[in-house]
1. Is there a residue being modelled with pLDDT under 95, crowded, with 20+ Cβ neighbours inside 10 Å and under 25 Å from B:Arg15 (Cβ atoms) anywhere in the stretch B:66-81?
2. Test A:Glu40 against the stated conditions and say whether it is more than 16 Å from DNA strand D (Cβ to nearest atom), more than 22 Å from B:Ile113 (Cα to Cα) and assigned to a loop (DSSP other than H, G, I, E, B).
3. Of all residues in the stretch B:67-90, which are at the interface with chain A (Cβ under 7 Å from one of its Cβ atoms) and over 14 Å from the mean Cα position of the chain (by Cα)?
4. If you go through the stretch A:66-121, how many residues are within 30 Å of B:Arg70 (Cβ to Cβ) and touching a Cys at 6+ places or on another chain (Cβ under 6 Å)?
5. Criterion first (among the polar types (S, T, N, Q), surrounded by 13 or more Cβ atoms within 10 Å (Cβ to Cβ) and within 16 Å of DNA strand D (Cβ to nearest atom)) does A:Ser28 satisfy it?
6. If I ask for residues that are of a type outside the set (Val, Ile, Thr) and in contact with a Leu (Cβ under 6 Å, 6 or more places away or on another chain), which ones from the stretch A:99-121 would you list?
7. Against the definition (more than 13 Å from DNA strand C (Cβ to nearest atom) and touching a Leu at 6+ places or on another chain (Cβ under 8 Å)), how does B:Ala80 come out, yes or no?
8. Could you tell me whether B:Arg64 is more than 7 Å from chain A (Cβ to nearest Cβ) and farther than 14 Å from A:Leu109 by Cβ?
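The values are calculated or read from the model by the stated rules, or taken from the named source; none is laboratory data. Keep in mind the model is a prediction, meaning the values are calculated, not measured. So basically every Cβ, Gly included, is an ideal-geometry build from the backbone, and we count neighbours across all protein chains shown.
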2 protein chains.
Amino acid sequence: MKIGELARRTGVSERSLRYYEQQGLLVSERTPGGQRDYAERAVDRVIRIQELFAAGLNSKKIARVLPCMRDADGGPSEIATGKLVTELAEERTRIDQMINSLVNSRDVLDGVIDAAAEAER
Amino acid sequence: MKIGELARRTGVSERSLRYYEQQGLLVSERTPGGQRDYAERAVDRVIRIQELFAAGLNSKKIARVLPCMRDADGGPSEIATGKLVTELAEERTRIDQMINSLVNSRDVLDGVIDAAAEAER
DNA sequence: GTAAAATCTGACATCAGTGTCAGGTTCAAG
DNA sequence: CTTGAACCTGACACTGATGTCAGATTTTAC
């Protein structure tokens, strides 16, 4: 599939898809004319990348993690080194805290929304 | 309490505290000499602000939400308008999606970490 | 073959919170 | 007093993913 379709199906801009490739996060075949041609699995991969970005990992770290995760089809093509595992454990902790923080914020917003509904009646 | 102590107790830099004040998110008394003097409740407030930032709200929106939330001591000093409620509901949806995304990423990292532990033995 | 749509590369802009530094003032302890 | 620590304002830099635009090329539809 070409870049336009991938962008549409993932909700990620073409700009970002090219950037991901430049950062070594995403690979593509090329047509004889030089246009990108993506495999079907690219869809899942792009979504994972987006999620990892949202989780606060930068592209360098994502590039190191990606080969270690189980792909849609097969098992992981690489095993994380001890150093990477340590770093990922830290990220994991951070993500956990982030989730707690988000849950708090969600509760706060709910409180404000409820108070407004309460006041209305 | 002065800015240094507040920074220490909240883990937020002095720079950020001054920025919050500039954005109308945080108020402070001033000593005769012009130095900031915070009330005890500022601690909780700063933490809330940080959480709302982490949840992706910008300072302008936070400034609108803050007066509508229940403070540590009393009830909310303002009730959210219909327009604000609509916006907050959207934010809430976004935060929910964000949480889901983070949970996914956490699971992915766990998978990588587990696979490494698995491989080691 | 032609025209429109899609894609290519490269460059520059943006966002918004935060880091950092400079030069000056205030505060608190001895 | 004096001195060092803490604080003040103002300004500039940065980060790094993403938006956007220009000009050229490829692809697709007719």
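1. Initially, the stretch B:66-81 is screened for residues modelled with pLDDT under 95, giving B:66-81.
After this cut, where a residue has to be crowded, with 20+ Cβ neighbours inside 10 Å as well, the list is B:66, B:68, B:80.
With the extra rule that they be under 25 Å from B:Arg15 (Cβ atoms), the set shrinks to B:66.
Within the stretch B:66-81 (the criterion being modelled with pLDDT under 95, crowded, with 20+ Cβ neighbours inside 10 Å and under 25 Å from B:Arg15 (Cβ atoms)), the answer is yes, since at least one residue qualifies.
2. When the stated conditions are applied, A:Glu40 passes them.
3. B:Cys68, B:Arg70, B:Pro76, B:Ile79, B:Ala80, B:Val85, B:Leu88, B:Ala89, listed by residue number.
4. 1
5. yes
6. A:Ser105, A:Leu109
7. Working: more than 13 Å from DNA strand C (Cβ to nearest atom): yes; touching a Leu at 6+ places or on another chain (Cβ under 8 Å): yes.
In short, yes.
8. On the way: more than 7 Å from chain A (Cβ to nearest Cβ): yes; farther than 14 Å from A:Leu109 by Cβ: no.
The answer is no for B:Arg64.
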